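A short reminder: the numbers here are calculations on the coordinates, not readings from a lab. Everything quoted here is computed from the prediction, not taken from an experiment. Because the Cβ atoms are built from the backbone with ideal geometry, glycine has one as well, and the counts that use them run over all protein chains shown.
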């Protein structure tokens, strides 16, 4: 088994520290994207619920009556 010199160990540690630093940075950026996407999902969900409620409130029972619908041959 080959033994490493202090300089080699220092070099490897420096390389690992650099890789960890880049990994942490990438993780932070990905986390920001996930947070932004979740905010967009929440907003779109609220908008969808609002539109559904608005649609239901605009439709009156008379409109839903079968007597108001035209037969298929018209």
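Listed values, structure above:
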item: In nm, spacing of pseudo-spin labels at residue 26 and residue 10 (7 Å Cα→C-beta vector); result: 2.8
item: Computed over segment 5-56, Kirkwood Rh from alpha-carbon pairs, angstrom; result: 14.5
item: Residue-span extension gain [residue 35 to residue 50] - 0.36 nm each, minus C-alpha spacing; result: 3.1 nm
